[in-house]
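First the structure, in the form of structure tokens, and then the observations on it.
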Amino acid sequence: MARMTNTKKAVLAPVLQKILSTVGEQIRLARLRRRMSAEIVSEKAGISRATLWKIEKGDATVAFGLYAKVLNSLNLEKSLLEIAKDDELGRLLQDAELSKKYR
């Protein structure tokens, strides 16, 4: 009888997986620059070391909130404010819609 595993596999476009991998690597480097062990960061974030390892690898199955908890444990939580901050395309679309209304 085949065993069923309860593992999740998130399928992402390669460009998205590359971005997540880069984010994970940046988190790992921030931890190392602070000379913090994986055990200390995972304890401060309230997660397991295995989950921290997944985050540092850019695993898409890890909840976004856990990425935020790790950033907080590294005092980098304000970097979350940079996500989608300068939405140039959205602003252009909004401006185009506004100019249609006033014609």
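Just one of (1) over 20 Å from Leu16 (Cα atoms); (2) polar (S, T, N, Q); (3) modelled with pLDDT of 95 or more fails for Thr51. It is (1).
Just to be sure, is Lys69 within 16 Å of Ile83 (Cα to Cα) and of a type in the set (D, E, K, R)?
Answer is yes for this residue.
Among (1) farther than 14 Å from Arg28 by Cα; (2) more than 17 Å from the chain's Cα centre (by Cα); (3) of a type in the set (Val, Ile, Thr), where does Ile47 come up short? Just one mismatch for Ile47, condition (2). Being small (Gly, Ala, Ser), under 12 Å from the mean Cα position of the chain (by Cα) and at pLDDT 95 or above: is that true of Gly24 here? Considered against the rule, which asks whether it is small (Gly, Ala, Ser), under 12 Å from the mean Cα position of the chain (by Cα) and at pLDDT 95 or above, Gly24 comes out as yes. Figure legend. Inter-residue proximity from segment 12-24: first residues within 20 Å of Gly65 (Cβ to Cβ), second residues among the charged types (D, E, K, R) and outside any helix (DSSP H, G or I), beta-carbon distance below 9 Å, spacing 6+ or different chains. Indicated pairs: Leu20/Asp59; Gly24/Asp59.
The values are calculated or read from the model by the stated rules, or taken from the named source; none is laboratory data. None of these values were measured; they are calculated from a predicted model. Heads up, the Cβs are rebuilt from the backbone with ideal geometry, glycines too, and the neighbour counts pull from every protein chain shown.
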